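Working notes, beginning with the structure itself.
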Amino acid sequence: MNKAELTTNIDGISVSPHNFINGRRVASKDCFEVRSPLDWTRKLAEVSRSDEAIAHDAVSAAVEGFKHWSSFSTSRRVEVLYRLADLIDANVAKISTIECLDMAMLHESLRLRVIPRGALNFRAYADLVAEHTERSWHSKGTANRVIRDAAGPAVVITPWNAPFMLATWKVAPALAAGNSVILKPAEWAPLSASMLADFINEAGFPEGAFNVVQGLGSEVGASLVADPRVRRISFTGSPATAQHIGVAAARNIVPFTAELGGKGPLIVFADADIDGAAKKAAAQFEDSGQVCLAGTRLLVERAVKQEFMDRFSSYTDQHVFGDSREPATTLSPAIHPIHLERVEGFVERARQAGDKIIFGGARYDPEKLWYKPTLIEPKSNQSEVVQKEIFGPVLTLQTFDSEEQAVELANSTAYGLSGIVYTSSSARASRIGRAVRAGTVWVNSFLIRDLSAPFGGYGISGIGREGGDYSLDFHSDLKTLQILEDSVS
Ligand code: ADP
């Protein structure tokens, strides 16, 4: 098969919808189709639907690639990671175009924020390994050192929301630690992973250090995580899939991290900047609510409910739905008709159960994938829309009268990925920040990320932490080397 047959042209950009194994494009026998949420009649590509044999080949490539990549000196590794970051920066426009067509996130935010974060992820981890000093100390007549050994091939499984950024967030520490990687992107938004492979190829990684396997999660994803040669698994997706992966990881005694979504509270105290809080609450509708960190449960102190609602409704009315490529658009469509039907199912069941739909609750056009910003006042805290992750532009509104009640409501779901608190009191910020059980709590802000901070969830929001040294430790086998001091010279 020649190179041209292995790539497809999308709006003038050449993209491979196939696997990338051992530094080469490999097409699978079967394919699946990807369409654009911006226009569901538009087919973007026929993507490789890989099987167990391809998974096996990819892991074999990663086993060999690991030998070469892990033997690179730290400074050489850092150089290659930096070159990759530069290539991402140079191609932000192309990646943003493909990502926007593939999964419909707003083009402006992709171009200005989300895709450049991909480059930052590689730089941040390059810097961390460059700056790393081994811990060393003397005790009981011995000299001790803690050594990070690269662990081996790592499987990285990513979801369809912000796929490029999330892939780089997970691939960067794995590569920086010296592991080889097999990336399995989500079948609903697989194209930007293939672009990452192109840049990795160009940056000078050895063959097999980075591989992409395209296909369905239940097929090739399951084969990858079951392979005993894989030594780390880093996953972002649903709790149900994490249970399958956890079983496979347990069989092979392989550490895995899982980031599994959330049901974040956005708590507004009466002493807060109500306008700022209302504006941020209305911003939760962006990206069609397909954001795991979103504050989807609005918890508002009763005394300011009316003021909050007036401002929140007015900011929500300012949203513009439309083509995600247009700069004026603020509301993008759902990723896929099946996903939108799930979102509609939640709202329909809420309606039938007696929850109050305050606004929204319908598509803009029954033939298309844009869903109106929706606010629901639940009948009780046990309502399904309060307890389950919807992953759509659907928020719930509840009120509280005291800090204790706010915390109780905030901590009343099985999730615990994130929380947002609005207050002007620093004592309260600290009290509530500590009391909310979630991996990240923002006070008077949202989505400001420090890449060295730990990231992950409490409860069913996940297992393990990624970010900074937490990721590098995860991707390493830590060794204590102890030498009896007077025994060597
Ligand atoms: P979502 O509900 O957000 O689509 P999933 O957990 O279904 O989340 O998918 C997240 C990622 O997990 C995707 O890349 C998908 O292909 C993959 N996946 C799904 N099922 C499995 C499985 N059994 N084993 C490994 N990966 C899987």
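Multiply the residue separation of residue 279 and residue 89 by 0.36 nm, subtract the distance between their alpha-carbon atoms, and state the gained length in nm to one decimal.
Working it through step by step, the gained length comes to 65.3 nm.
Give me P(r) over the chain, computed from all C-alpha to C-alpha distances, binned every 10 Å, as integer percentages.
Cα pair-distance distribution for the chain, in percent: 4, 19, 28, 25, 15, 6, 1, 0.
Roughly how many whole Å is it from the C-alpha centroid of the range 310-352 to that of the range 385-419?
One Cα centre to the other: 20 Å.
Per the helix-only calculation at 222 nm, which mean residue ellipticity applies to the chain, given -39500 (n - 2.57) for every DSSP H run of n ≥ 4 and division by its residues, nearest 500 deg cm²/dmol? Don't jump to the answer; show the numbers that get you there.
Working: 15 runs with 179 residues, N = 489.
Only helices count here, giving -11500 deg cm²/dmol.
When a footprinting reagent is the concern and you count Cβ atoms within 10 Å, what order do 31, 292 take, fewest first?
Values: 31 17, 292 24.
If I rank by nearby Cβ atoms, fewest first, I get 31, 292.
Under a 5 Å amide H to amide H cut-off, with H placed in plane at 1.01 Å, what residues pair with residue 49 once short-range neighbours are removed?
28, 30, 31, 32
Order by neighbour count: 287, 355, 86, fewest other Cβ atoms within 10 Å first, most last.
Details: 287 23, 355 20, 86 15.
The order, fewest Cβ neighbours first, is 86, 355, 287.
Within the range 264-443, what percent of beta bridges assigned by DSSP are antiparallel, to the nearest 5? Can you show the working numbers first?
Working: 4 of 25 bridges.
Beta bridges within the range 264-443, antiparallel portion: roughly 15 percent.
Report the net charge of residues surrounding residue 154, where surrounding means a beta-carbon distance below 10 angstrom and charges are Lys +1, Arg +1, Asp -1, Glu -1. The partial results should precede the final answer.
Working: positive: 170, 231, 232; negative: none.
Net of charged neighbours comes to +3.
With a sphere of radius 9 Å drawn around the Cβ of residue 132, what net charge do the other residues whose Cβ falls strictly inside it have (Lys, Arg +1; Asp, Glu -1)?
Working: positive: 148; negative: 131, 134, 469.
Here the charged neighbours net out to -2.
Looking at the chain, identify the longest residue range that excludes and avoids all GluC sites (Glu not before Pro) in DSSP loops having at most 14 other Cβ atoms within 10 Å.
Longest run free of exposed loop sites: 135-366.
What's the percent breakdown of Cα-Cα distances in the range 207-342 across 10 Å bins, shortest bin first?
Values per bin, smallest distances first: 10, 27, 24, 21, 14, 3, 0.
Which distance in Å, rounded to a whole number, links the C-alpha centroids of the range 1-78 and the range 174-212?
8
For the chain, return all DSSP H helices satisfying: extent of Cα atoms along own axis at least 15 Å; mean Kyte-Doolittle hydropathy at least 0.5.
TM-like helix candidates: 92-103, 163-176, 191-203.
Got a sec? Charge dipole of the chain, +1 on Cβ for Lys and Arg, -1 for Asp and Glu; which of 19, 72, 106 is way out at the positive end?
Of the candidates, 72 comes out farthest on the positive side.
Based on C-alpha coordinates, I'd like the Rg and Dmax of the range 264-443, in Å.
Considering the range 264-443 through its Cα atoms, Rg and Dmax are 15.6, 50 Å.
Quick one: divide the alpha-carbon radius of gyration of the range 290-332 by 2.2 N^0.38 Å and tell me what you get. Let's see the in-between values first.
Numbers: Rg = 13.6 Å, N = 43, 2.2 N^0.38 = 9.2 Å.
That works out to 1.48 for the range 290-332.
Where in the range 122-141 is the amide nitrogen less than 15 Å from a point lying 7 Å along the Cα-to-Cβ axis of residue 481?
Answer for the range 122-141: 133-138.
Need one number: nm distance between label points at residue 426 and residue 30, each 7 Å from Cα along Cα→Cβ, rounded to one decimal.
About 6.1 nm, to one decimal.
Using only the C-alpha atoms of the range 78-135, find the volume of their convex hull and express it per residue in Å³.
Values: hull volume 4.8 nm³, N = 58.
Value for the range 78-135: 82 Å³ per residue.
What is the sum of charges around residue 406, taking Lys and Arg as +1, Asp and Glu as -1, for the other residues whose C-beta is under 15 Å from the C-beta of residue 406? All intermediate terms of the calculation are to be shown ahead of the outcome.
Numbers: positive: 297, 302, 305, 428, 431, 434, 437; negative: 271, 301, 401, 403, 404, 408.
Residues close to residue 406 contribute a combined charge of +1.
Taking neighbour counts of Cβ atoms within 10 Å as a proxy for exposure, in what order, fewest first, do 103, 195, 309 appear? Provide the component values of the computation, followed by the final result.
Values: 103 33, 195 21, 309 17.
Taking fewest neighbouring Cβ atoms as first place, the list is 309, 195, 103.
Among DSSP bridges having both ends in the chain, what percentage is antiparallel? Round to the nearest 5. Don't skip to the end; give the middle numbers.
Numbers: 34 of 70 bridges.
Percentage antiparallel, nearest 5: 50.
Report for the range 347-458 the percent antiparallel among DSSP-assigned beta bridges with both residues inside it, nearest 5.
Values: 4 of 11 bridges.
About 35 percent, rounded to the nearest 5.
Using only alpha carbons, build the gyration tensor for the range 30-116 and give me the equivalent ellipsoid semi-axes, biggest first, whole Å. Mind dumping the intermediate values first?
Values: eigenvalues 184, 115, 10 Å².
Equivalent ellipsoid semi-axes, largest first: 30, 24, 7 Å.
For the range 360-489, report the % of Cα-Cα distances exceeding 25 Å. Show your work: numbers first, answer last.
Numbers: 3904 of 8385 pairs.
Result for the distance tail: 47 percent.
Run the reach check for residue 29 against lysines, Cα to Cα strictly under 17 Å, same-chain hits fewer than 8 apart removed. What comes back?
Answer for residue 29, where 17 Å is the Cα cut-off: 3, listed by chain and number.
Throughout, read-outs are computed from the coordinates displayed, never taken from laboratory work. It should be emphasised that the depicted structure is a prediction, and the values quoted were computed from it without experimental measurement. Glycine gets a Cβ as well: all are built from the backbone with ideal geometry, and neighbour counts include every protein chain shown.
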